[in-house]
1. What is the residue count in segment 126-137 for residues that are more than 17 Å from CYS165 (Cα to Cα) and either of a type in the set (D, E, K, R) or surrounded by 14 or more Cβ atoms within 10 Å (Cβ to Cβ) (or both)?
2. Please find, among ALA60, ALA146, ALA123, ALA158, the residue that is open to solvent by 20 Å² or more (accessible area, probe 1.4 Å), aliphatic (A, V, I, L, M) and out of contact with any strand residue (DSSP E or B) (no Cβ under 8 Å at 6 or more places or on another chain).
3. Would you mind telling me which numbered condition in (1) in contact (Cβ under 8 Å) with a residue 60 or more places away in the chain; (2) part of a loop (DSSP other than H, G, I, E, B) ILE163 fails?
4. Quick check on segment 138-155: of everything there that is of a type in the set (Val, Ile, Thr) and assigned to a strand (DSSP E or B), which residue is modelled with the highest pLDDT?
5. Which residue is surrounded by the fewest Cβ atoms within 10 Å (Cβ to Cβ), if the candidates are limited to segment 71-118 and must be among the aromatic types (Phe, Trp, Tyr) and part of a helix (DSSP H, G or I)?
6. Identify the residue in segment 191-209 that is surrounded by 13 or more Cβ atoms within 10 Å (Cβ to Cβ) and assigned to a loop (DSSP other than H, G, I, E, B) and, among all such residues, is modelled with the lowest pLDDT.
7. In segment 130-159, which residue that is under 14 Å from GLU187 (Cβ atoms) and of a type in the set (D, E, K, R) is nearest to the chain's Cα centre (by Cα)?
Amino acid sequence: MGKIKSGILGGFNGKVGSVIGASWKGISYMRGIAQSIKNPKTDAQVVQRNFFTEITALTAQLSEDQLKTFFPKPVSGKTYRNLLFKQLAEACSVDDSGKHFDASLLTTLGNASTLDFGEVSVATRLNGEELEALSVSFNADKTAEAFENYGAFIVIDATKGSIHCFNSTQKMNAESHEIPAQHGWEENDAFVVIPFLYKSHVAIHGFGTMAVAERPPRKR
């Protein structure tokens, strides 16, 4: 039962019907009791929630600066992270175990690069029994002037549920590229690599080495 302090127009403490009265720093206030929220967990809802959890975990691994680089063309009413979430959510497959993110369905990421890289091939290179690097090549018309620039690679380890970004160490018209292995990567993981080419009119936002617009020649 609530206790009225100073008449019907004064503040009160406790619960009166569906209203709770209290005070904070000498200020009396009232608030309604939180209504119970129905949260049925049907099989379809559980599948969808698990799928959204999977996509959310991926998008959370990228910083705001990375997202700005991938989405240099803003979309009204959408945050960069929401844009990425929507793009990843469209790459899904459904089987007996439920609905899952399928990185193999992705052909691009963001809206900065519209060039056709063709089929992208990924091979693993071992150092003894340890994965040392990924060798990446793609089937594209590399005579185009745009491929004279440096770019980046987005690597999704579909097995581990991780996403990484790497600058290319050579121009994108090279025959092949190597990406150093990251902690947790293993030879039998399913890797999907998406080439990403900066254009001259696209502002490059810095994250790690991604801020480098021009690289000095590598010393042998």
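The values are calculated or read from the model by the stated rules, or taken from the named source; none is laboratory data. What you see is a predicted model, and the numbers here were worked out from it, not measured in a lab. Neighbour counts are summed over all protein chains in view; Cβ atoms, including those assigned to glycine, are modelled from backbone coordinates with ideal geometry. Only protein heavy atoms, including side chains, enter the accessible area calculation; ligands, DNA and RNA are left aside. Shrake-Rupley method; radii C 1.70, N 1.55, O 1.52, S 1.80 Å.
1. If we filter segment 126-137 for residues that are more than 17 Å from CYS165 (Cα to Cα), which is where we start, we get 126-131.
Checking the rest, the ones that are also either of a type in the set (D, E, K, R) or surrounded by 14 or more Cβ atoms within 10 Å (Cβ to Cβ) (or both) come to 129-131.
Selection size over segment 126-137: 3.
2. None of the others qualify; the one that does is ALA60.
3. Answer for ILE163: the failing condition is (2).
4. Looking at residues that are of a type in the set (Val, Ile, Thr) and assigned to a strand (DSSP E or B), I get VAL155.
5. Out of the qualifying residues, it is PHE85.
6. Checked segment 191-209; the qualifying residue modelled with the lowest pLDDT is PHE207.
7. ASP157
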